[in-house]
Amino acid sequence: MSLEGTVASSDVEILRKTASGDHSGFEVLVERHEGAVLRFIRGISRDPGRVEDALQETFIAAWKGAGEFRGAGSARGWLLGIARHIISRQYRRHAGEPSEHLSLPELGIEAGWGEVAPDSLSKRLENRDLVEQGFKGLSPDDQEILILRDLEDFSADEVATALGLSLAAVKSRLHRARLRFMANVRGKTHGA
């Protein structure tokens, strides 16, 4: 039985059939998740010219590695993990390159805890250019976790699967990324 065009087929079923050599339903999987994977890649890629290549590489790797999917998390999370691996392979961090290590209180101060009224903050965040600039100032690790959790609205479990992290690590990274984002937005509005 062909899965092509069968919306009711589960992602797990499609991947199992693909792994056993029946590739007819794989297109359904691509159609279901292509948008989310593309948005994720665009968000974390440093080279806009390589986005389409990374998207294709992601689905080729999923097609070839369908047998590796164990069904522990969602297929979408698994696909995003593949995409993340492809992007990180393109942009390996140089050995010894330090990332900023601020304590939570320091990040909170930079984010303006206690200084910004919630109404004022939400009005500033409505400025798309300001948000984009604040986002661009983040590390790739901060960008990817914010894209997955806050922009794509993935569950914490899906984010953990996609990034290969524990749930506790996701929560910690997300908290720090949100603080850095707010610090960037605050700095842009205060001329710092």
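The values are calculated or read from the model by the stated rules, or taken from the named source; none is laboratory data. Here the structure is a predicted model, which is why all the values come from computation and not from measurement. Note that each Cβ is placed from the backbone with ideal geometry, even for glycine, and that neighbours are counted across all protein chains shown.
Below, the figures for the structure above:
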{"read-out": "Every residue from the stretch 133-159 that is assigned to a helix (DSSP H, G or I), touching a residue at least 60 places away in the same chain (Cβ under 8 Å), in contact with a Ser or Thr (Cβ under 9 Å, 6 or more places away or on another chain) and more than 20 Å from residue 47 (Cβ to Cβ)", "value": "157, 158"}
{"read-out": "Options 49, 71: the member that is in a loop (DSSP other than H, G, I, E, B) and loosely packed, with under 14 Cβ neighbours inside 10 Å", "value": "71"}
{"read-out": "Test for residue 165: is it assigned to a helix (DSSP H, G or I), among the hydrophobic types (A, V, I, L, M, F, W, C) and either touching a His at 6+ places or on another chain (Cβ under 9 Å) or modelled with pLDDT of 75 or more (or both)", "value": "no"}
{"read-out": "Conditions (1) at pLDDT 90 or above; (2) surrounded by 14 or more Cβ atoms within 10 Å (Cβ to Cβ); number of the one not met by residue 24", "value": "(1)"}
{"read-out": "Residue that is surrounded by 14 or more Cβ atoms within 10 Å (Cβ to Cβ), under 26 Å from residue 155 (Cα atoms) and modelled with pLDDT under 70, where the choices are 107, 80", "value": "107"}
{"read-out": "Residue check, residue 132 modelled with pLDDT under 80, acidic (Asp, Glu), touching a helix residue (DSSP H, G or I) at 6+ places or on another chain (Cβ under 9 Å) and surrounded by fewer than 12 Cβ atoms within 10 Å (Cβ to Cβ)", "value": "no"}
